[in-house]
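Notes to accompany the following structure.
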Amino acid sequence: FRCLKASQCPNTLVQDSLEKKTEMDDLLNKAPASYPGVLLRIKKGVYNYMCTRNNQFTNRAQKGVIMVK
């Protein structure tokens, strides 16, 4: 989401505000496979991430590390 509130978005991005999006269900079945990305500037550091979709606590965990230098 590019904006939290539609009133704070430029007119061309109002449809991308959090207020305008449909609510997802608990299993994320309505989640799209991809989305138009936004460029971000991230501070230096090590960031861990984990995908909670299909997470059954097995040896096939979907997680990783991003190192920004």
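Restricting to the range 24-51, what's the tally of residues that are among the hydrophobic types (A, V, I, L, M, F, W, C) and modelled with pLDDT of 70 or more?
The number of residues fulfilling the criteria is 8.
Which members of the range 52-69 meet the condition of being surrounded by 10 or more Cβ atoms within 10 Å (Cβ to Cβ) and at pLDDT 80 or above?
Selection gives Gln62, Lys63, Gly64, Ile66, Val68.
The values are calculated or read from the model by the stated rules, or taken from the named source; none is laboratory data. Just so we're clear, the structure is a prediction, and the values are computed from it rather than from any experiment. Don't worry about glycine lacking a Cβ; one is built from the backbone with ideal geometry, like all the others, and counts go over all protein chains shown.
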